[in-house]
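See below for the structure under consideration.
Each value in this text was obtained by applying a stated rule to the coordinates, not by laboratory testing. The model shown is predicted, which means the values in this text are computed figures rather than measured ones. Glycine gets a Cβ as well: all are built from the backbone with ideal geometry, and neighbour counts include every protein chain shown.
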Amino acid sequence: MRIFDPHIHMTSRTTDDYEAMYEAGVRAVVEPAFWLGQPRTSPASFFDYFDALLGWEPFRAAQYGIAHRCTLALNPKEANDPRCTPVLDELPRYLVKDGVVAVGEIGYDSMTPAEDEALAAQLQLAADYGLPALVHTPHRDKLAGLRRTLDVVRESALPVERVLIDHLNEMTVEEAKAAGSWLGFSVYPDTKMNEGRMVEVLRVYGPEKVLINSAADWGRSDPLKTRLVADAMLAGGFTEDDVDLVLWRNPVAFYGLSGRLQLDVPTAQEATHEGNSVLRGGE
């Protein structure tokens, strides 16, 4: 079984997670830019973070046999902080990088005017740079957030067919599917979706254009949820081909819209540094 987790925040995870993910069948991940758990105080902290997503984290993942790519953006939560919004002016120099396969996470957290502006601006950047967009729907007022998101997408230069709307659930999937977007579901231990609900959604709406992710981050989450969904699909009567479609071919197809998706894993260096098990990159 091959698994592509299309939304996971490996910056907040350990090397034990990489090892367990590889054993579970994970061979590729996409890491969307998100907040740090505490407020950033300047755009400069974004730049170091973006550089790490483009350099250090792919290097770390490769040591465990996993291809790592990223999406970059000003995330919805920090779009409300005027100390952070100048990063929008600097995003273009990052969006040309080979490792960037979409603009994201963008979208809504509290559905404020500042979030409206950041979403519209970054949809335009996605269109300008030929990238798809990963859109975060809010954890509160989800249906209203989805509808507001779709309104902004329809007013943008980016076709809805190049948009992945994430954190969907039973309340929002029907309208997102009718709009023609790609459909993202985050599977968590306590919140969002779980494996059983996910199988029922797939039974009702089908596996086409569906991407399932763990969205594992700083909080209580599980980077093996993609494998648990795959096992639940098989137990629920789906075929191995269905599983491969949802857990591999769909994320490859969506991020392949960037024209940049390369899933080769470079050979890791053999030397350690002063006995440290985390290998060191070159100068």
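Quick notes on this structure:
- Using a simple spin-label model with pseudo-atoms 7 Å out from Cα toward Cβ, Glu170 and Gln124 lie 4.1 nm apart.
- One Cα centroid belongs to the stretch 64-131, the other to the stretch 1-20; the line between them spans 22 Å.
- Under the Karplus curve 6.51 cos²θ - 1.76 cosθ + 1.60, θ = phi - 60°, whole-Hz ³J(HN,Hα) for the stretch 187-200, x wherever Gly or Pro sits: 10, 10, x, 10, 10, 6, 9, 10, 4, x, 5, 5, 4, 5
- Ordering Gly130, Gly145, Gly196 by the projection of their Cα atoms onto the charge dipole of the chain, which places +1 on the Cβ of Lys and Arg and -1 on the Cβ of Asp and Glu, puts Gly145 at the extreme positive end.
- Using the Stokes-Einstein relation with a Kirkwood hydrodynamic radius computed over Cα pairs, the translational diffusion coefficient of the chain at 4 °C and a viscosity of 1.567 mPa s comes to 69 µm²/s.
- Applying a threshold of 21 Å to the alpha-carbon distances of Lys142/Lys192; Lys77/Lys142; Lys142/Lys177 flags no pair as lying beyond it.
- Relative contact order of the chain, pairs being alpha-carbon contacts under 8 Å that are 6 or more residues apart, as %: 20 percent
- Near Thr11: Cβ cut-off under 9 Å, other residues only, Lys/Arg at +1 and Asp/Glu at -1. The net charge is -2.
- Dimensionless Rg ratio for the stretch 1-130, taking C-alpha atoms and the 2.2 N^0.38 Å reference: 1.07
- Antiparallel content of DSSP bridges confined to the stretch 3-256, in %, to 5: 5 percent
- In terms of packing, defined here as the mean over residues of other Cβ atoms within 10 angstrom, the peptides 214-226, 7-19, 191-203 line up highest first as 214-226, 7-19, 191-203.
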